[in-house]
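Here's the structure we're looking at; comments come further down.
The values are calculated or read from the model by the stated rules, or taken from the named source; none is laboratory data. This one's a predicted model, so the numbers in the text were calculated from it and none came from an experiment. Using ideal geometry, Cβ is built from the backbone for each residue, glycine included, and neighbour counts are taken over all protein chains shown.
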Amino acid sequence: MQYQFIQNNQSSYRVDEMCDCFGLSRSGYYSWSGRKPSARALEDEVYKDRVSELHRQAKGRYGHRPIHEHLKDEQLGCGRDRTLRLMQELGIAGVQKSGFKPLGTDSKHSFGYSANLLKKLGNPEQPNQA
């Protein structure tokens with residue numbers, strides 16, 4: 001992250017000054033800048049293309065588990081956690097269906113008022129009298 005900042009701002013500031021500010025060595029920065037991407041990073045780019053394609057086909061509804069199942073069906077060796085990490089790096093996520101929310105009572109209905117019929121009977125003196 002710091003090396004990336006140095007690379008982005010080397011036209012404005014000197015590399016050795018920025019390395020001193022971050023407490024990094026210049027040789028570490030130049031080693032980082034000349035390094036090729038790892039095999040895993042190259043694989044991740046291939047998987048990212050496929051993950052984004054599956055997510056687009058599912059209209060944004062699929063999360064990492066269904067996408068992982070599709071990758072597994074296609075014989076791609078991408079684990080579930082790796083699929084989650086790639087989706088986070090791409091900034092995509094599945095859309096969750098909203099939960100059930102019951103409707104409240106409609107107090108403005110036009111049914112009128114119902115009288116309390118038990119109140120008219122008075123207090124019962126024994127069970128099963130009402």
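Is it the case, given these coordinates, that ILE92 is of a type outside the set (Ser, Thr, Tyr) and in contact with a Cys (Cβ under 8 Å, 6 or more places away or on another chain)?
No; evaluated as a whole, the condition is false for this residue.
The conditions are (1) modelled with pLDDT of 90 or more; (2) closer than 30 Å to HIS70 by Cβ, and SER27 fails exactly one of them. Which is it?
Failed condition: (2).
Just checking, does region 39-55 include any residue being out of contact with any helix residue (DSSP H, G or I) (no Cβ under 7 Å at 6 or more places or on another chain), without any contact (Cβ under 8 Å) to a residue 24 or more places away in the chain and assigned to a loop (DSSP other than H, G, I, E, B)?
Looking through region 39-55, none of the residues is out of contact with any helix residue (DSSP H, G or I) (no Cβ under 7 Å at 6 or more places or on another chain), without any contact (Cβ under 8 Å) to a residue 24 or more places away in the chain and assigned to a loop (DSSP other than H, G, I, E, B).
Could you grab me the full set of residues in region 1-16 that are not aliphatic (A, V, I, L, M) and not in a helix (DSSP H, G or I)?
GLN10, SER11, SER12, TYR13, ARG14
Which residue, of HIS68, HIS55, is at pLDDT 90 or above, touching a Lys or Arg at 6+ places or on another chain (Cβ under 6 Å) and either within 30 Å of SER98 (Cβ to Cβ) or surrounded by 11 or more Cβ atoms within 10 Å (Cβ to Cβ) (or both)?
Only one candidate passes the filter, namely HIS68.
Being under 27 Å from GLN2 (Cβ atoms), small (Gly, Ala, Ser) and surrounded by 11 or more Cβ atoms within 10 Å (Cβ to Cβ) narrows it down to one residue among GLY28, GLY60, GLY91; which is it?
Answer to the selection: GLY28.
Considering GLY63, GLY79, GLY99, which residue is at pLDDT below 90, under 22 Å from the mean Cα position of the chain (by Cα) and among the small types (Gly, Ala, Ser)?
Answer to the selection: GLY99.
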